[in-house]
Amino acid sequence: MSHNATRGPRPRGLESSATRFRERAIARRRRPWRRALSALLVLALLGGAGWVVGWTGLLGVHDVDVVGVSGAEAAAVEELVRVPEGTPLVRVDTAAVERSVRGRVTVAEASVHRSWPRTLVVDVVPRVPSLVVKGPSGTLDVVDATGVSFGRVKKAPKGVPVVTATGSRAMTTEALQAALALLRDLPDDLAADVSAVTVSSANLVTFTARGHTVVWGGEDESALKIRVLRALLTTKAKVIDVSAPDTPVTR
């Protein structure tokens, strides 16, 4: 007599475990392919973005914005940029543009930066007149605080003193630096009242202020000279000599 047992249906718990096992195995096999495909898609997107940014005119130079100056000066600065329209912003050599703009004598400093999506911005610091140098033939050259001559005018700008060398001599570098040192040493309220400067030598500077002729001398003892000068400017003296501030002279 045979006693072979008839197998019944597999328990549901075992079937669901086997199904989950197969699904996890399939997912593990697919995972490397998915990672590879994702990586390829990312690389393709980055490559496409790089191509758009660096090799097309979509994000290219469309406008040049000059900041710090206006009118004819801004137009002259823009001419120095020399970046063809449509050049990708990311490929613009900003250092080269800065060097080009700084080559203009009226520009003291310049910086260039990108303004996305399509503008190149040029920030300009213009030279500011400190003195007007009058030459032997009557020419008037505008000079900034560093001694750089950056323009010739027919009339001195308002509030900018005119400096001359004594006699018919041309202004030397030493004489010009002595005049600039005077304006640096004077407080703003006194410097604003200086209308004319005469330089005989680096140690003999004379200027006109508030209706007085002031013999300043050289750059030494400037703090003491200023204190003495402030006191004597209240007098009716036409000439005030503070070149030796311990023994000032008025007349």
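Structure notes:
- Applying the set (1) at pLDDT 95 or above; (2) open to solvent by 30 Å² or more (accessible area, probe 1.4 Å); (3) in contact with a helix residue (DSSP H, G or I) (Cβ under 8 Å, 6 or more places away or on another chain); (4) in a helix (DSSP H, G or I) to residue 77 leaves exactly one unmet item: (2).
- Selection over the stretch 49-64 of residues that are open to solvent by 70 Å² or more (accessible area, probe 1.4 Å) and modelled with pLDDT of 90 or more gives a count of 2.
- Index of the failed condition, residue 97 passing every other in (1) modelled with pLDDT of 95 or more; (2) crowded, with 17+ Cβ neighbours inside 10 Å; (3) part of a loop (DSSP other than H, G, I, E, B): (3)
- The stretch 121-148, residues that are in contact (Cβ under 8 Å) with a residue 40 or more places away in the chain and open to solvent by 40 Å² or more (accessible area, probe 1.4 Å): 123, 125, 126, 148
- Some residue of the stretch 163-179 being touching a residue at least 24 places away in the same chain (Cβ under 8 Å), small (Gly, Ala, Ser), assigned to a strand (DSSP E or B) and on the phi < 0 side of the Ramachandran plot: yes
- Any hit, the stretch 228-245, residues being outside any loop (DSSP other than H, G, I, E, B) and closer than 28 Å to residue 126 by Cβ: no
- Filter result for residue 69 (of a type in the set (Val, Ile, Thr), farther than 26 Å from residue 243 by Cβ, open to solvent by 30 Å² or more (accessible area, probe 1.4 Å) and modelled with pLDDT of 95 or more): no
- Within the stretch 180-210, the set of residues being open to solvent by less than 30 Å² (accessible area, probe 1.4 Å) and outside any helix (DSSP H, G or I) comprises 186, 194, 197, 199, 205, 207, 209.
- Scanning the stretch 104-118 for any residue that is open to solvent by 50 Å² or more (accessible area, probe 1.4 Å), modelled with pLDDT of 95 or more, farther than 30 Å from residue 186 by Cβ and among the β-branched types (Val, Ile, Thr) turns up nothing.
- Segments classed as strands (runs of 3 or more DSSP E), wholly inside the stretch 102-153, with at least 3 members that are in contact with a helix residue (DSSP H, G or I) (Cβ under 9 Å, 6 or more places away or on another chain) and among the charged types (D, E, K, R): none
- Yes/no for residue 234 being at pLDDT 95 or above and within 17 Å of residue 194 (Cα to Cα): no
The values are calculated or read from the model by the stated rules, or taken from the named source; none is laboratory data. Note that this is a predicted model, so its numbers are computed, not measured. Quick reminder, even Gly has a Cβ in these numbers, built from the backbone with ideal geometry, and neighbours come from all protein chains shown. In case anyone asks, the SASA skips ligands and DNA or RNA and just uses the protein heavy atoms, side chains included. Shrake-Rupley method; radii C 1.70, N 1.55, O 1.52, S 1.80 Å.
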